[in-house]
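Before any comments, here is the structure.
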Amino acid sequence: MSTESVLELQRRYHEERERITDAVVKEILVKKSSLKENINSEHRMKMLLERHNEVSAQLLELYEDKDGARKEEIQALSGPNEFAEFYSRMRAIKEFHRRHPNEISVPMSVEFMEWDKLRENPSDEANLVDFSGEEGYGRYLDLHECYLKYINLRGIEKLDYISYLETFDQLFDIPRERKNAEYLSYLDALVTYFVEYVGKVRPLLDLNKELDEVTKDFEKQWASGSFPGWSKENKEPQASANDGEHLDLSPFNTWEELASLGLDRLKSALVALGLKCGGTLEERAQRLFYTKGKSLSEIDAGLFAKTKAKNRGKDELKMKDIAFTEAKEWRHAHGMRCLGIPNTAHFANVTDIEDAMRLWEKLKGQKNDERWKPEQEEEYEDSQGNVVNKKTYDDLKRQGLL
């Protein structure tokens with residue numbers, strides 16, 4: 001009713017709180033025979049608890065009585081003119097029903113009776129949560145989107161979906177140099193999926209509290225240098241004056257991403273290529289990123305470090321160039337095998353998948369055109385000595401012209 005008083009609102013909110021509490025207790029006591037019933041029950045309890053909190057907040061606001069309306073109403077009911085107030089409210093109620101003769105008041109108990117029906121007949125209840133078909137209403141994970149992101153990371157070993165499910169949580173096995181902006185995007189998608197999934201499967205779990213505890217544990221491990229995959233013992237080896245460690249540049253899209261590896265790792269990679277390894281962090285990152293996708297012979301000679309052992313340097317450059325070419329050829333051949341295309345000389349400089357598929361279709365068309373076609377190329381001689389192909393000969397023969 002639109003003319004509901006403050007005290008009547010308080011009474012109704014108290015009644016609603018009691019009914020909600022009773023519904024939650026019944027929900028806890030009822031026996032669930034399946035995972036779906038358990039998930040639906042927890043979601044019903046979550047809705048009831050959220051509603052209980054909202055009603056409690058509104059009730060508290062009425063008791064605080066910041067506008068003084070509750071105090072005025074109590075004074076009017078308990079003052080010297082209480083009968084006048086009573087009849088005034090009665091007239092207001094009659095006037096309301098006169099203006100709204102078809103108004104139907106549904107008792108609060110009816111709504112909670114519907115909750116009882118859902119609880120007692122779970123088989124008749126619709127799905128309360130939106131799961132994908134692969135998730136089986138909370139039984140399994142559906143990591144297909146995360147899997148597609150993972151296998152498209154540069155420099156990451158390609159796995160089938162089943163193998164990915166067995167190892168996706170072993171993030172510490174992924175080398176540090178692979179953990180760039182692209183990897184961070186994949187990681188964000190993985191975390192987002194699990195946060196949403198846990199919210200659907202265990203809606204009553206205080207996820208913020210769990211995440212806070214995980215964060216505190218992470219901060220402790222990070223401060224002590226014992227976090228898996230980033231421990232001090234597994235720190236990237238530093239470059240020496242005469243040695244270095246090669247770095248796969250394919251996962252890096254900008255020199256800024258390379259700079260995140262630090263001075264020592266960049267120096268190690270530059271030394272491994274025989275390049276100058278001095279300068280600031282930015283200079284080293286830019287110098288190393290310049291070599292991406294290039295063979296040693298294509299790199300500016302001014303970037304190479306001067307060494308006293310010139311003959312050894314030439315041999316090393318030659319060997320590194322060969323190794324680089326072999327590695328590139330192996331990746332190219334592996335990619336061609338995955339596409340089901342023979343790795344012939346036609347595809348030597350083709351790096352794009354769509355270009356390779358178009359060229360393969362073109363080559364197949366050419367091969368079909370070059371293939372010997374008996375009906376067109378097999379020759380016959382008629383009774384007059386004319387040479388015709390097989391198709392023409394058969395047509396003339398059927399018409400009785402030979």
Inter-part gap, Cα centre of region 178-226 to Cα centre of region 27-46, in whole angstrom, is 27
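Could you tell me the calculated FRET efficiency between Leu171 and Arg11, based on Cβ-Cβ distance and R0 = 35 angstrom, to the nearest 0.05? Working shown, then result.
On the way: r = 56 Å, r/R0 = 1.59.
E between Leu171 and Arg11, to the nearest 0.05, is 0.05.
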One finds, for Glu379 and Asn253 with R0 = 51 angstrom and r their Cβ-Cβ distance, a FRET efficiency to the nearest 0.05 of 0.25
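Assuming R0 = 30 Å, can you tell me the calculated FRET efficiency for the pair Val110 and Lys71, based on Cβ-Cβ distance, to the nearest 0.05?
On the way: r = 34 Å, r/R0 = 1.12.
The value I calculate is 0.35.
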Here the gain from full extension of Met90 to Val198, 0.36 nm per residue of separation minus their alpha-carbon distance, amounts to 33.6 nm
Region 174-232: spread of alpha-carbon positions along the three principal axes, whole Å, largest first, is 38, 27, 13
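Longer than 32 Å from Cα to Cα, which of Lys149/Lys220; Lys94/Lys117; Lys46/Lys179; Lys216/Lys267; Lys26/Lys209 are they? Say none if no pair is.
On the way: Lys149/Lys220 30 Å; Lys94/Lys117 35 Å; Lys46/Lys179 38 Å; Lys216/Lys267 34 Å; Lys26/Lys209 27 Å.
Beyond 32 Å between Cα atoms: Lys94/Lys117; Lys46/Lys179; Lys216/Lys267.
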For region 6-124, one quarter of the surface area of the C-alpha convex hull, expressed in nm², comes to 9.9
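Where a number appears in this text, it was derived from the coordinates with a stated rule and is not lab data. As the structure is a prediction and not an experimental result, all values here were calculated from the model. Every residue, glycine as well, gets a Cβ built from its backbone with ideal geometry; the counts of neighbours run over all protein chains shown.
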